[in-house]
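No value in this document is a laboratory result; all are computed from the given coordinates. The structure displayed is predicted, hence computed values, not measured ones. With ideal geometry, Cβ positions are generated from the backbone for all residues, glycine too; neighbour counts draw on all protein chains shown.
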Amino acid sequence: MNLKVGDIVRFERTFTKKDVEVFTKISGDEGEHHKHPDKLGRLVVQGLLTATLPTKVGGDYNVLARTMNFEFLRPVFTGDRIHCEVMIEKLEKKDKHKVSILANFACKNEKEKQVLTGYFAGVILTGD
């Protein structure tokens, strides 16, 4: 495992209309703002779809999440470029196969406005 306390993992994504349409179908979150574009032709991205940004770290580092906390600060629209930073706050070896993790995150749009913040905690399966 190559993570250390204080590390910051960064990535970005632009959500598309297709992403929102697929997530609408999967989740059943069918609010009108997810199905009908605004005056600029954009859909509002579901909060939980936006929340997949910090959970990407879980997939990249084999984390089994136990706790996740999200604060949705402003809407994300299709076409918005969202930058996510996940900071590793705590890593603690539990046994030879598990390391507990605590991380916080902040996601911003291309205008540098925060759209999502929060934290997650869980266990990394190391396989060692």
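Sequence-distant or interchain residues sharing an amide H contact under 5 Å with PHE11, placed H: which?
CYS84
Across the chain, how large is the tail of the calculated P(r) beyond 18 Å, expressed as a percent of all Cα pairs?
Result: 55 percent of Cα pairs exceed 18 Å.
In percent, what relative contact order does segment 76-128 have, based on Cα pairs under 8 Å that are 6 or more apart in sequence?
Here the relative contact order equals 35 percent.
MET87 to ARG10: extension gain in nm, 0.36 nm per residue of separation minus the Cα-Cα distance? Can you show the working numbers first?
On the way: separation 77, 0.36 × 77 = 27.72 nm, distance 0.89 nm.
The span from MET87 to ARG10 would gain 26.8 nm if fully extended.
Under the rule of at least 5 residues apart or a separate chain, name every residue whose amide H is placed under 5 Å from the amide H of ASP80.
PHE15
Distance from a point 7 Å along Cα→Cβ of ASN62 to each backbone N in segment 1-39: keep the residues under 14 Å and list them by number.
Within reach of a label on ASN62, which here means backbone N under 14 Å from a point 7 Å along Cα→Cβ, segment 1-39 contributes 1-3.
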